[in-house]
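The values are calculated or read from the model by the stated rules, or taken from the named source; none is laboratory data. Keep in mind it's a predicted model, so treat the numbers as computed, not measured. Reconstructed Cβ throughout: ideal geometry from the backbone, glycine too, with neighbour counts over all protein chains shown. Note: accessible area is taken over every heavy atom of the protein model, side chains too, but ligands, DNA and RNA are not part of it. Shrake-Rupley method; radii C 1.70, N 1.55, O 1.52, S 1.80 Å.
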Amino acid sequence: IGTQSTVILAVMDAACIKSCPPLLDYKTEKYVLTRNRRVGAFHRLLHLGIFCYTIGWVLVVKKGYQEIDSNPRFSVITKLKGVSVTKDFRELEEKLWDVADFVKPSQGENVLFLVTNFIATPGQVQSVCPESPLVLDGRCGEDLDCSAAEAVVNGNGIKTGKCIRLNATHSTCEIYGWCPVENGSLMSKPLLNEAENFTLFIKHAVHFGKFNFFRANTLETSSETYFKSCRYDPIHTPYCPVFRIQDIIRKVGHSFEELSILGGVVAVHIEWKCDLDHSVALCKPRYHFRLQEKKNNFRTATYYWNKERQEYRDLLKLYGIRFDISVTGEARRFGVIPTAVSFGTACAFLGAATFLCDLILLYLDEKANFYWDCKYEEVAPQQ
């Protein structure tokens, strides 16, 4: 093993030997070859480890020779297609639901809500009526339990001070609010069960500003019917971002019927991994689906007036599946600076390995004093 040693050359006049301070001494290097197999083997093992780490991990696995852009700009446009038929709110006739009815918001972006079930309370008017027996604060045994002008906690209105008997088992406070109050019962099967065959079209594009590289997830085609007939497949049709709702729910490990009754939240993650040192055709999006929540609902109302100008509303409590769409990406390309940094780090590790072996040889070895005398030598000119 070749280790570095220092030869102290004090080149000075005889008169200066006693007067010059050590700060003015000049140090230069010499090499001492030591026949120590244990330290030599350890030194070579360190070199081998550094070589494997640099080539295998830094350059091959982590691709340390490439520049990285992991903060792309992106845009997302979503569309749902399909129709479903249910009974009208008043059960007089069938009602057709299309995109304008079962998609909230109507202009889809990276979040959209697909209605799969609902509770309808038509013809509500501001008046007095009994509170729902499902509301705990609305239950009562006598009028004293219903303090007038007090809001019902988690209820539907303001107490009037009266206790109304609904049947032999339930009595609730009379309230002032939108009457009749909402019925909390749900159908055992989803009212919009055809929604499992609806299709979700996710169109998006990414732009890696560092490399001025743009990529979209749709096939560039002049055919007007391609996206109406194709379905996404990672191998055969990777640039057809059209998914059946039923297929998405299966990918998260559940059935559509299970989620459609009370709703849920599904995360759709689109990932781009682009190595620009290779063919651009290999830069394809990957889709990941994950169930985040098993219940999801909100309320909405439609307001109208009768001939007497009295205000009414139809209240809908909508249950459904919300899709949260996110896009991430990473683009790589060869760069001189990261390559130089990777090799510079490897050289620094090699120097550290030599320094470590020097410490072992001079302080921990059983012949440390002998190696110390060989390594450090003070030389002065003859008188």
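Using Cα pairs under 8 angstrom and six or more residues apart, how large is the relative contact order of the range 132-180, in percent?
Averaging sequence separation for qualifying contacts and normalising by length gives 35 percent for the range 132-180.
Would you mind getting me the FRET efficiency between K189 and E293? Use the beta-carbon distance for r and R0 = 25 Å, nearest 0.05.
0.75
Within the accessible area of the range 132-180, what % is carbon and sulfur when the probe is 1.4 Å and the other protein chains stay in place?
About 54 percent, which is the carbon plus sulfur part of the accessible surface.
Mind ranking R313, R322, R165 by accessible surface for me, highest first, 1.4 Å probe?
Heavy-atom accessible area, descending, gives R165, R322, R313.
State the percentage of accessible surface on the range 225-378 attributable to carbon and sulfur atoms; use a 1.4 Å probe and exclude ligands, DNA and RNA.
Whole-percent figure for carbon plus sulfur exposure: 56.
Placing +1 at every Lys and Arg Cβ and -1 at every Asp and Glu Cβ, with all other atoms neutral, what dipole size does the range 132-180 have around its Cα centre, in debye to the nearest 20?
Computed about the Cα centre, the dipole is about 140 debye.
Sorted by accessible area (1.4 Å probe), largest first, how do Y287, Y65, Y53 line up?
Y53, Y65, Y287
Take D247, project a point 7 Å from its Cα along the Cβ direction, then tell me which residues of the range 184-206 have their backbone nitrogen under 15 Å from it.
The answer is 196-203, whose backbone nitrogens lie closer than 15 Å to the label point.
Hey, rough spin-label estimate for Y304 and V61, points 7 angstrom out along Cα→Cβ, what's it come to in nanometres?
Each label point is offset 7 Å from its Cα along the Cβ direction, giving 6.6 nm.
Near P338, within a Cβ-to-Cβ distance under 12 Å, what is the net charge of the other residues, with Lys and Arg +1 and Asp and Glu -1?
+3
Sorted by accessible area with a 1.4 angstrom probe, largest first, how do E308, E194, E257 fall?
E308, E257, E194
Whole number in Å², please: accessible area per residue of the range 186-344, 1.4 Å probe, ligands, DNA and RNA not counted.
About 56 Å² of surface per residue is accessible.
Can you tell me the FRET efficiency between V280 and A149 if r is taken as the Cβ-Cβ distance and R0 is 51 Å, rounded to the nearest 0.05?
0.15
Mind grabbing the accessible area of W372 for me, 1.4 Å probe, Å², rounded to tens?
Ignoring ligands and nucleic acids, W372 comes out at about 100 Å².
Per residue, how much accessible area does the range 132-180 have with a 1.4 Å probe, in Å²?
That works out to 60 Å² for each residue.
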